[in-house]
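The values are calculated or read from the model by the stated rules, or taken from the named source; none is laboratory data. Since we're looking at a predicted model, the values are computed, not measured. Reconstructed Cβ throughout: ideal geometry from the backbone, glycine too, with neighbour counts over all protein chains shown.
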Amino acid sequence: MHETHTTYTLIDGRRVAAEIKKEITVRVQQRKAEGKKIPHLAIILVGDDGASQTYVDHKVKACKEVGFHYTLMRFADTITEERLLKHIDQVNTDPDVDGFIVQLPLPAHLSVENITEHIRPEKDVDGFTNRNFGSIVSKNPLLLPATPNGVMELLKRYNITTEGKHCVVVGASRLVGAPLSMMLAEHGRATVTVCHKYTRNLPEFTRQADILIVAVGKPGLITGDMVKEGAVVIDVGTTRVEGPQYKNGYTLKGDVDFVSVAPRCSMITPVPGGVGPMTIASLLLNTLRATELRHA
Ligand code: NAP
């Protein structure tokens, strides 16, 4: 029989993101008062994927909240890679734009690698380019990958120390799992285990985690029996699940089966309201940083 932790702390990403947005608003107001440049974020959206549209709406709303300027550029999903790269060139050289993102996913005929590598690293506020990925191990990072940095910031603001802890990261993607595991080892001084699709006996690894971070995109992948008593669990997974029972016709589900996992944890993030808002806060912080680097 396992003992269970019935009282856990819910890690409130919305509250922390709101706190960060307030701090950014103050810095924007200071810049304004000093006659300095106001940060300007450009967003490129290709096609009309409903989830992407929602994410972009949240990003636009966040820019408005903190007083950033923003530009939304929309293109049909038939756009050629050549034309899209030309638009990226324009944004790269537009002196008024401090940071920009190309919302993913992209239609299958466009190469995510070609597109993201075309973004000037100093304006790459998602931190997707190889230059910014590599910057994780630099003494002088440029713009850190936004979602992983949002997770690190969330841990920090909840005083969850990572030094010497065993962090198990499930999911090893180029955008989330891989950079996050590097940041936990490099910046967080943690012992890190990375699990992926080819990991044999996943529960054997997840059960060892002091801090378990899951970024896969498979609702219900992590169940209570896979989690150590008292662990901290961070659920990055965000899958849109459709159904008539949900308001708006869909709901967002994490990778963690909250009902069975939460009672075993000391702390856990909900989905939605955990990592999602932190990604946006991180994007805003990167845009402010990009502006400060170009216009001190
Ligand atoms: P991705 O590119 O599809 O990567 C998923 C990773 O999980 C890959 O490393 C994959 O391995 C691995 N994987 C697949 N099945 C697995 C299994 N059964 N056990 C262990 N690992 C497995 O997705 P992503 O971009 O990293 O995103 C992951 C999730 O996070 C998605 O739900 C996404 O929507 C969400 N996300 C949320 C935010 C946010 O702000 N909250 C931001 C970004 C992403 P292979 O590479 O070998 O296939």
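Annotations for the structure displayed:
- Scoring His295 on the criteria (1) closer than 30 Å to Cys63 by Cβ; (2) touching a strand residue (DSSP E or B) at 6+ places or on another chain (Cβ under 8 Å); (3) of a type outside the set (A, V, I, L, M); (4) loosely packed, with under 15 Cβ neighbours inside 10 Å leaves a single failure, condition (2).
- For the stretch 58-76, a residue qualifies if it is charged (D, E, K, R) and more than 22 Å from Val112 (Cβ to Cβ), and the qualifying residues are Lys61, Lys64, Glu65.
- Of the residues making up the stretch 121-171, those that are within 14 Å of the chain's Cα centre (by Cα) and of a type in the set (Gly, Ala, Ser) are Gly127, Ala146, Gly150, Gly171.
- For Pro219, the test of being more than 22 Å from His166 (Cα to Cα), part of a loop (DSSP other than H, G, I, E, B) and away from the ligand (no atom under 15 Å from the Cβ) is failed.
- Every residue from the stretch 74-100 that is out of contact with any helix residue (DSSP H, G or I) (no Cβ under 7 Å at 6 or more places or on another chain) and of a type in the set (A, V, I, L, M): Ala76, Ile79, Val91
- Leading residue by the ranking (nearest to Thr129 (Cα to Cα)) among those in the stretch 46-101 that are of a type in the set (Lys, Arg) and in contact (Cβ under 8 Å) with a residue 12 or more places away in the chain: Lys59
- Only listed residue being surrounded by fewer than 23 Cβ atoms within 10 Å (Cβ to Cβ) and under 22 Å from the mean Cα position of the chain (by Cα), chosen from Asp235, Asp225, Asp210: Asp210
- Among all positions in the stretch 253-261, there is no residue which is within 13 Å of the ligand (Cβ to nearest atom), touching a strand residue (DSSP E or B) at 6+ places or on another chain (Cβ under 9 Å) and free of Cβ contacts under 8 Å to residues at least 24 places away in the same chain.
- Options Phe100, Phe133: the member that is buried (at least 17 other Cβ atoms within 10 Å of the Cβ) and within 17 Å of Val176 (Cβ to Cβ): Phe133
- Within this structure, Leu202 passes the test of being near the ligand (Cβ under 10 Å from one of its atoms), over 27 Å from His58 (Cα atoms), outside the structural domain of Val102 (by TED's automatic domain parsing) and not hydroxyl-bearing (Ser, Thr, Tyr).
- The residues of the stretch 158-177 that are on the phi < 0 side of the Ramachandran plot and away from the ligand (no atom under 16 Å from the Cβ), listed by number, are Tyr158, Ile160, Thr161, Thr162, Glu163, Lys165, His166.
- Members of the stretch 37-57 found to be surrounded by 15 or more Cβ atoms within 10 Å (Cβ to Cβ) and out of contact with any Gly (no Cβ under 8 Å at 6 or more places or on another chain), listed by number: Lys37, Ile43, Ile44, Leu45, Val46, Gly47, Asp49, Ser52, Tyr55, Val56
- Residue within the stretch 225-232 that is part of a loop (DSSP other than H, G, I, E, B), within 9 Å of the ligand (Cβ to nearest atom), modelled with pLDDT of 95 or more and not charged (D, E, K, R) present: no
- Checked against (1) crowded, with 18+ Cβ neighbours inside 10 Å; (2) over 17 Å from Val112 (Cα atoms); (3) polar (S, T, N, Q); (4) not assigned by TED's automatic domain parsing to the domain that holds Arg200, Thr162 meets all criteria but (4).
- Residue ID - surrounded by the fewest Cβ atoms within 10 Å (Cβ to Cβ), chosen from residues in the stretch 178-199 that are part of a loop (DSSP other than H, G, I, E, B) and away from the ligand (no atom under 15 Å from the Cβ): Arg189
- Lone unmet requirement of (1) in a loop (DSSP other than H, G, I, E, B); (2) within 16 Å of the ligand (Cβ to nearest atom) for Pro244: (2)
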